[in-house]
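Following: one structure in structure tokens, then a few remarks.
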Amino acid sequence: MSGLDTLAAAGGKTKPTGSQGLGDRLAFSDGPKSDGRPQLLPRPVALSLFALVVNKDAGVQDLSLKQIRNIYAGKITNWNQVKGNNVPIHLVSRNPGSGTGTTLERQVLDNKPLLAVTANDCTALDETKPGRCEVSDTETLLSTVASTPGALGHSEVGAATAHDDVQQIRIDGYPATLEGADEGAYPYWQTEYAYTYGEPPANSLAAGFLRYLANEVGKDIIRSHGDRPCAELAKPLLCRPS
């Protein structure tokens, strides 16, 4: 979570005095911060949905939770083992600390770690063998999945929907919808938090932007990305599926 590290470093360097923190910095994170950053204050903003995406030549649109776990554990290495095409599986992941990757491990893979990286550059993956590579951002991941035979990756739903050159995967028959998350049927979701370093001054840019996210225009923008504003949930401070 490099954004949180950058925010903590900025606060430590500036060393705000009194009870007020930085007023010009915000960082966002999929899921809560780890221990060790007591100055960073969380505010739940949205319930975010994520999706698994595959290269269309994989020939699959639906995977069971068990199949997904076996793929990421290296027990399933070719799409023909799950009734897809005869193409080796290439896992394209975000770099360590990514919210989508961390959520994948926690919510989908039952806290199991990912396989070791086999290629430092995704373009160096051997097309004839299964493997895994990492990229720095979601846009690069989606483009890599679209251009890499047999690729499987993960993304925010809004970003994935904008890429019609990849196939979103249903999990146990359920697409990535807020209704599926509410029913406990779709597991790949997380709470999106906004973090400040200390309490920002009421008239600061940071405080103003947080208020903007909570008003109707801000909530409309959150909805447009396929997410749900925390303010609309039964327990906004928990911001979990109802």
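The values are calculated or read from the model by the stated rules, or taken from the named source; none is laboratory data. All values derive from a computational prediction rather than experimental measurement. Virtual Cβ from ideal backbone geometry, glycine too; neighbours counted across all protein chains shown. Please note that ligands, DNA and RNA were not included when accessible areas were found on the heavy atoms of the full protein model with its side chains. Shrake-Rupley method; radii C 1.70, N 1.55, O 1.52, S 1.80 Å.
Given an 8 Å cut-off on Cα distances and at least 6 residues of separation, report the relative contact order of the stretch 178-239 as a percent.
Working: 25 pairs, mean separation 12.8, N = 62.
Taking the mean separation of contacting Cα pairs over the length of the stretch 178-239, I get 21 percent.
In the structure shown, do any of K112/K235; K33/K219; K75/K129 have a Cα-Cα gap over 18 Å, and if so which?
Values: K112/K235 29 Å; K33/K219 23 Å; K75/K129 14 Å.
With Cα atoms farther than 18 Å apart: K112/K235; K33/K219.
Report Rg (one decimal) and Dmax (nearest whole number) for the stretch 44-164, counting Cα atoms only, units Å.
13.3, 44
DSSP loop (so not H, G, I, E, B), at most 16 other Cβ within 10 Å: list which GluC sites (Glu not before Pro) in the stretch 46-147 pass both filters.
When the GluC sites (Glu not before Pro) of the stretch 46-147 are filtered for loop state and at most 16 Cβ neighbours within 10 Å, E127 remain.
Quick check: residue separation of D35 and R106 times 0.36 nm, minus the Cα distance between them. What number comes out in nm?
Between D35 and R106, full extension yields 23.9 nm more.
Could you work out, for the chain, what percent of all Cα-Cα pairs fall into each 5 Å distance bin, beginning at 0 Å and stopping at the bin that holds the largest distance?
Binned Cα distances yield the sequence 1, 7, 13, 17, 18, 15, 11, 9, 6, 3, 1, 0, 0.
I'd like the carbon and sulfur percentage of the solvent accessible area for the chain, probe radius 1.4 Å, heavy atoms only, ligands and nucleic acids excluded.
Answer for the chain: carbon and sulfur cover 50 percent of the accessible area.
Starting from the Cα-Cα distance between Y174 and A202, subtract it from 0.36 nm times their residue separation and give me the gain in nm to one decimal.
Taking 0.36 nm per residue and subtracting the Cα distance, the gain is 5.8 nm.
Tell me, what is the per residue accessible area of the stretch 71-137 in Å², probe radius 1.4 Å?
Averaged over the residues of the stretch 71-137, the accessible area is 52 Å².
When the helix-only estimate is applied to the chain (DSSP H runs of n ≥ 4, each -39,500 (n - 2.57), divided by the residue count), what is the mean residue ellipticity at 222 nm, nearest 500 deg cm²/dmol?
Theoretical 222 nm ellipticity from helices: -7500 deg cm²/dmol.
Counting only DSSP beta bridges with both residues in the chain, tell me the antiparallel percent, nearest 5.
Of all bridge pairs located within the chain, approximately 70 percent are antiparallel.
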